[in-house]
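The values are calculated or read from the model by the stated rules, or taken from the named source; none is laboratory data. In this text the structure is predicted, and so the values were computed from the model without any measurement. Using ideal geometry, Cβ is built from the backbone for each residue, glycine included, and neighbour counts are taken over all protein chains shown. Note: areas computed on protein heavy atoms with side chains; ligands, DNA, RNA excluded. Shrake-Rupley method; radii C 1.70, N 1.55, O 1.52, S 1.80 Å.
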Amino acid sequence: MKPDYEIGMTSLPGNGEIAQELRVLAAYLAFEGQSIYRVLAYQKAAREFGQLTDSVALATLEGRLTELPGVGPAIEAKVREYVETGRIAQLEKLRSSYPEGVLEVAELDGAGPKTARRLWDELRIDSLLAVKAAAEAGRIRALKGMGAKSEAKLLSSAETALARGPAPAPRRLLGHVEEPARRLLQALLDHPAVAQAEIAGSFRRRRSTVRDLDLVASTDEPETVGRFFGALPLVARVEQSGLTKVLIHTHNDLDVDLRLVPPASFGNLLQHATGSAQHNVELRGFSQKRGLRVNEYNVEEVQTGKAHPCAEEAAVYELLGLSWIPPELREGRGEIQAALEGALPNLVNREDLRGDLHVHSDWSDGRRTIEDMAIAARDRGLEYICISDHSKSIGMGIGVSDDDLRRQSEEIRLLNARLDGIELLAGSEVDILADGEIDLPDDLLASLGFVVASIHSGFQQPVERIMARFRSALENPFVDAIGHPSGRLLGRREGYALDIEELAGTAAATGTMLEINASYDRLDLRAAHARRAKELGALVVISSDAHSPRGFDLLPYGVGEARRGWLEAKDVANTRPLEDFRGLLRRSQR
DNA sequence: GCCGTTTTCGGCCCGACTGTTTTCAGTCG
């Protein structure tokens with residue numbers, strides 16, 4: 001007999017939904033003034049659930065939830081209550097005691113749970129609009145411990161948040177901050193008083209989006225460097241300015257945090273500022289058990305008080321008995337344990353890539369000829385590329401007809417005879433149609449060197465339909481890879497519903513590759529899915545999706561996402577020489 | 001609320017900056 005829960009399987013709440021409930025509960029507990037550690041415990045569990053590829057609801061019903069780090073009996077009971085009844089009684093009670101608007105107030109820049117609570121208790125402020133009205137009437141400055149500056153700050157934050165609407169502060173695409181970040185770094189490096197400088201934070205960890213920029217520098221003249229930084233032309237205003245820290249806001253609304261230490265501590269600061277917060281929390285907990293205290297200046301022996309400043313970042317990890325951990329792994333996802341055991345992955349590098357299997361030309365929506373793209377790829381050290389223009393169904397008049405595709409293959413044969421130092425594969429980016437069909441006939445598919453199949457339509461279909469389309473594509477022996485598997489566009493589109501467990505499992509079973517599309521607004525597969533794909537035995541291919549020569553310069557973003565997914569060169573098919581790569585393809589095994 | 005090569009109880013990462021204070025609370029990363 002089947003367990004009861006399988007009857008209503010599709011109605012199980014998703015991980016994101018459960019995580020959100022816990023986040024709201026944590027916010028209320030903070031507002032109530034409960035122990036910060038209790039609040040942190042709920043936040044940690046929410047974060048854990050948000051990153052999990054497995055189903056939290058299913059794990060709960062199968063009694064496996066407490067196996068997750070940070071989940072004990074109390075949180076397990078609340079999740080179980082939510083999965084079984086659709087509500088958490090304690091949270092509903094809190095919701096009926098305080099309007100949810102008080103949580104928005106607590107989220108304001110410059111406010112927090114304590115401030116929000118006082119505004120509610122003393123002024124009955126329960127919304128951003130109420131903050132604005134009270135500030136404008138001068139009622140906030142009348143509170144003990146508040147002043148005109150605090151009031152002005154809250155007013156400004158409330159106005160900003162109201163103008164922005166319900167969405168959280170937008171994160172920037174990594175690819176969009178690359179240039180300003182490099183410019184700021186160069187300005188620091190060019191200053192005579194700066195010894196060393198680096199970009200840290202989520203930028204250095206190569207997260208696909210960043211909230212702000214974190215720069216670090218070493219100098220013996222922090223005041224001079226701080227003043228210089230605050231006076232750079234792109235600075236709109238200086239938000240904070242101390243002896244070790246300068247926070248600026250640029251004209252294009254980027255927050256930039258500069259930290260300064262003496263040269264002997266540069267390694268400590270770089271480690272500290274690279275994060276992530278979760279990694280640092282775990283690293284410090286780990287250190288504490290070994291009698292060491294880690295901060296941005298040194299590693300200190302607690303017993304003796306002896307301090308060890310580190311000019312190099314690797315020395316910080318070495319003092320803790322760990323191998324140096326690549327920044328892309330520093331997310332609190334098991335990297336410290338791996339470093340302790342000497343089991344860190346040897347991450348894939350851009351230089352490992354020999355081929356690019358997803359390239360467009362002016363035959364479809366690319367902007368340059370096949371030959372131009374081939375030469376651009378060769379100039380960037382690639383040995384082979386696949387011309388994979390869109391097939392006919394893409395619409396908008398940019399798809400390549402079946403007859404044109406045959407002619408294109410012929411042109412590619414001629415180019416291969418003529419060009420040295422680069423090999424071209426004739427290919428196609430075919431559409432997985434709404435019914436799961438591939439929009440090229442099998443004989444044409446069979447004649448190509450490589451085929452990537454992507455979903456470009458029917459995004460709103462439920463997960464069952466989407467997965468049925470993928471299954472159909474994966475079962476086609478002439479589909480070599482799935483392109484941008486989730487369909488997400490960062491900051492613009494969530495992507496369609498995707499079951500990565502099934503997709504990666506079936507990809508592994510059929511020998512189909514999964515693409516990491518390197519366009520910095522896609523980065524799809526995302527890191528967590530890439531890691532899961534590796535665990536399930538699927539091969540990954542990192543592709544630029546280049547539409548012009550500069551498109552090849554996107555490859556490092558795909559490599560960054562792959563590294564965040566713990567991928568090594570051996571996990572990435574296009575690190576192979578062409579002949580080896582061909583040997584991996586299903587079509588070559590027929 | 002969670003957790004354990006010091007612990008099943010007593011800790012929990014650690015420091016900078018600001019504003020409003022005359023010594024610190026709150027926020028932030």
Principal axis extents for chain A, Cα atoms only, whole Å, descending order, please. 80, 70, 51
Out of A:Ala57, A:Ala74, A:Phe31, whose Cα points farthest toward the positive end of the dipole of the stretch A:4-97 (charges: +1 Lys, Arg; -1 Asp, Glu; placed on Cβ)? A:Phe31
Cα→Cβ-extended label distance, 7 Å offset, between A:Gln278 and A:Gln461, nm: 3.2
Three principal axis extents, largest first, for the C-alpha atoms of the stretch A:551-590, in Å? 34, 24, 14
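Work out the length of the dipole vector of the stretch A:196-261 about its Cα centre, built from +1 on the beta-carbon of each Lys and Arg and -1 on the beta-carbon of each Asp and Glu, and round it to the nearest 20 debye. Provide the component values of the computation, followed by the final result.
Working: 9 positive and 10 negative charges, 63 e Å.
That gives a dipole near 300 debye.
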Can you tell me the length gained on complete extension of the stretch A:Glu568 to A:Arg141, counting 0.36 nm per residue apart and subtracting the Cα distance? 148.1 nm
If amide hydrogens are placed 1.01 Å from N in the peptide plane, which non-local residues have theirs closer than 5 Å to the one on A:Leu490? A:Arg522
By how many degrees, between 0 and 90 and to the nearest 10, does the Cα long axis of helix A:148-164 differ from the longest principal axis of chain A? 30
Hey, what number do you get for chain A at 222 nm if only DSSP H runs of n ≥ 4 count, each worth -39500 (n - 2.57), divided across all residues, to the nearest 500? -12500 deg cm²/dmol
Helix A:370-379 vs. chain A, principal-axis angle (Cα, 0 to 90°, nearest 10): 60
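I'd like the FRET efficiency for A:Arg413 and A:Arg64, computed as 1/(1 + (r/R0)^6) with the beta carbon distance as r and R0 of 45 Å, rounded to 0.05. Present the calculation step by step, with values, prior to reporting the outcome.
Numbers: r = 55 Å, r/R0 = 1.22.
According to the calculation, E is roughly 0.25.
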For the stretch A:346-413, with +1 on Lys and Arg beta carbons and -1 on Asp and Glu, the positive-most of A:Ala374, A:Leu353, A:Trp363 along the dipole: A:Leu353
Spread of Cα-to-Cα distances over 10 Å intervals beginning at zero, given as percent, for the stretch A:420-478: 22, 47, 22, 7, 2
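Take each of the peptides A:229-235, A:465-471, average the number of other beta-carbon atoms within 10 Å over its residues, and list them starting from the highest. Don't skip to the end; give the middle numbers.
Numbers: A:229-235: 14.7, A:465-471: 19.0.
Ranking, from highest mean packing down: A:465-471, A:229-235.
Roughly how big is chain A's charge dipole about its Cα centre, with Cβ charges of +1 (Lys, Arg) and -1 (Asp, Glu), in debye to the nearest 20?
Working: 73 positive and 89 negative charges, 396 e Å.
The calculation lands at about 1900 debye.
Going by average Cβ density within 10 Å per residue, which order do the peptides A:285-293, A:560-568, A:420-428 take, highest to lowest? Don't jump to the answer; show the numbers that get you there.
Values: A:285-293: 13.7, A:560-568: 25.6, A:420-428: 20.9.
Those peptides, ordered most packed to least, come out A:560-568, A:420-428, A:285-293.
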Which residue, A:Val540, A:Phe450, A:Phe581, has the largest displacement toward the positive end of the dipole of chain A when charges sit on each Cβ (Lys, Arg +1; Asp, Glu -1)? A:Val540
Compute log10 of I(q)/I(0) for the stretch A:268-340 with the Debye formula, placing one identical point scatterer on every Cα and leaving out solvent, at q = 0.15 Å⁻¹, to two decimals. -0.41
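In whole percent, how big is the carbon plus sulfur part of the accessible area of the stretch A:517-590, probe 1.4 Å, protein atoms only?
Numbers: 1210 of 2620 Å².
Of all accessible area on the stretch A:517-590, carbon and sulfur atoms account for 46 percent.
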Inter-label distance, nm, simple model (7 Å from Cα along the C-beta direction), A:Arg237/A:Arg586: 5.8
Full extension between A:Arg493 and A:Gln186 adds, at 0.36 nm per residue less the Cα distance, a length in nm of 107.1 nm
A:Ala89-A:Ala167 FRET efficiency (beta carbon distance; Förster radius 22 Å; 0.05 resolution): 0.15
Given 0.36 nm per residue, what is the gain on full extension from A:Asp404 to A:Glu223 after removing their alpha carbon distance, in nm? 58.7 nm
Extend 7 Å from the Cα of A:Asp435 along its Cα-to-C-beta direction; within the stretch A:466-484, residues with backbone N under 18 Å of that point are A:466-476
In 10 Å bins starting at zero, report the fraction of Cα pairs in the stretch A:337-442 per bin as a rounded %. 14, 38, 24, 14, 8, 2
With +1 on each Lys and Arg Cβ and -1 on each Asp and Glu Cβ, and nothing else charged, work out how big the dipole of the stretch A:4-97 is about its Cα centre, in Debye to the nearest 20. 460
